[in-house]
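Asker: Mind having a look at this structure? Questions to follow.
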Amino acid sequence: MIPVPQPVLEALATPFGTTAAHLSRFGGGKESSDGIVYAYPYKDTQRLLKIMAISAAGQRIGLLCLEERLEFVRFLGENGAHIVFPQFSPGGNLYETFLHENHLWVGYSMELVPGKTRQEKTWDPEFFRNWGKTIGALHRLAQEYPSWKAMVDSETGEEFLTWQREWQGFYNWIQDDEVKEKWVEIKQELDALPVVRESFGFIHNDPHIWNLLDDGNRITLLDFDVANHHWFINDIAIACQNILIFLSGGMNGPVHHRDKLLGFLNFFMEGYSCENRLPSEWLERLDLFIAYRRILLFTVMNDWIKSNPKLHTSWKQMILSQPEIVGKLSAG
């Protein structure tokens, strides 16, 4: 990602009622990150300020997409979902901007909620159930949100925030020709899937472990900056990501503890089903969406993966072979 220049920090801190000197690094800033989150004092509490860059050439569409995502998050929060609620700036704006060199820098504020990221050694069934319940509630509310297939540009009629545009963006990004061929094959399978309200809509699109805060009673979902119109099962596949990498295998290497993945899914879907009923046939398509996620991560983290030749070989082999990971399941 692009480092945040000091003039940008100073310019975007001011409209949120603080100064660059009072911003403390909170999260983000990694190779796969789209921005950096800072904590800052606000009245008698603290808030978070996320700062990220949009290409100046694509700023109109970039801002339209940001506005749609922030409005969606506010809708979720206003209807009881456990999310980090976007806050208006003192000037009454959902976000503030600053043009610097070739980028439009955007800042938006969020409440700072209690909780922490759960470390692997503390993962337990109740945590998995609460995780599923949070995602299930989001999908239930997504079925009530007006936008569910795409965001339409009122000036041109073009559709944005679609899975097809996400797919195309990664197609352009993928460097390896064999991986690109598998990406095309996956799209052919996705093109054949039904797009209906009970299983498709505006989703978080990145609800992995690092985007959750657990306060011991409930899980709060962070960072909707890649929220997109997609199949609900994609959020569930992404939730499996950390299990596949750290516990069961199946993401970047062969499965070695399938029971741990199935155990996670059992508890996760138990919580999920308290809030939303996903038709059972979608769980039987989970392997397809894991394959989609496998290539997406391989692309996003390609520089880091390439630095470890053994990991690169193993990850690519999983992409090309696309083995069965989950198999046949029932929603219960």
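The values are calculated or read from the model by the stated rules, or taken from the named source; none is laboratory data. Computed from a predicted structure; not experimentally measured. As a convention, Cβ positions derive from the backbone with ideal geometry for all residues, glycine included, and neighbour counts pool all protein chains shown. The accessibility values were calculated without ligands, DNA or RNA, using every heavy atom of the protein model including side chains. Shrake-Rupley method; radii C 1.70, N 1.55, O 1.52, S 1.80 Å.
Asker: Out of everything in region 108-127 that is basic (K, R) and either in contact with a Pro (Cβ under 8 Å, 6 or more places away or on another chain) or not in a strand (DSSP E or B) (or both), what residue ends up being least open to solvent (accessible area, probe 1.4 Å)?
Answerer: R118
Asker: Considering region 1-25 alone, what residues qualify as being of a type in the set (D, E, K, R) and touching a helix residue (DSSP H, G or I) at 6+ places or on another chain (Cβ under 8 Å)?
Answerer: E10
Asker: Tell me, please, whether a residue that is of a type in the set (V, I, T), at pLDDT 95 or above and touching a Pro at 6+ places or on another chain (Cβ under 7 Å) can be found in region 44-61.
Answerer: no
Asker: Name, by its number, the condition in (1) closer than 30 Å to K306 by Cβ; (2) part of a strand (DSSP E or B) that does not hold for G58.
Answerer: (2)
Asker: Let me ask another. Here is a check on your reading of the model: is A81 within 26 Å of H230 (Cβ to Cβ), modelled with pLDDT of 95 or more and open to solvent by less than 60 Å² (accessible area, probe 1.4 Å)?
Answerer: Yes; evaluated as a whole, the condition is true for this residue.
Asker: Of everything in region 224-251 that's open to solvent by 20 Å² or more (accessible area, probe 1.4 Å) and touching a residue at least 40 places away in the same chain (Cβ under 8 Å), which residue is nearest to H139 (Cα to Cα)?
Answerer: Checking each candidate, the answer is V226.
Asker: Right, next: Can you pull out the residues in region 157-167 that are of a type outside the set (A, V, I, L, M, F, W, C) and either open to solvent by less than 80 Å² (accessible area, probe 1.4 Å) or in contact with an Asp or Glu (Cβ under 7 Å, 6 or more places away or on another chain) (or both)?
Answerer: Hits for region 157-167 are G157, T162, E166.
Asker: When region 14-29 is examined, which residues are found to be of a type outside the set (F, W, Y) and touching a residue at least 60 places away in the same chain (Cβ under 8 Å)?
Answerer: Those that are of a type outside the set (F, W, Y) and touching a residue at least 60 places away in the same chain (Cβ under 8 Å): P15, G17.
Asker: Another question about this same structure. Looking only at residues in region 1-43 that are farther than 24 Å from S55 by Cβ and over 25 Å from the mean Cα position of the chain (by Cα), which one is least open to solvent (accessible area, probe 1.4 Å)?
Answerer: T18
Asker: So, one more: Residues to consider are K133, K149; find the one that is part of a loop (DSSP other than H, G, I, E, B), touching a residue at least 24 places away in the same chain (Cβ under 8 Å) and open to solvent by 40 Å² or more (accessible area, probe 1.4 Å).
Answerer: After ruling out the rest, the residue left standing is K149.
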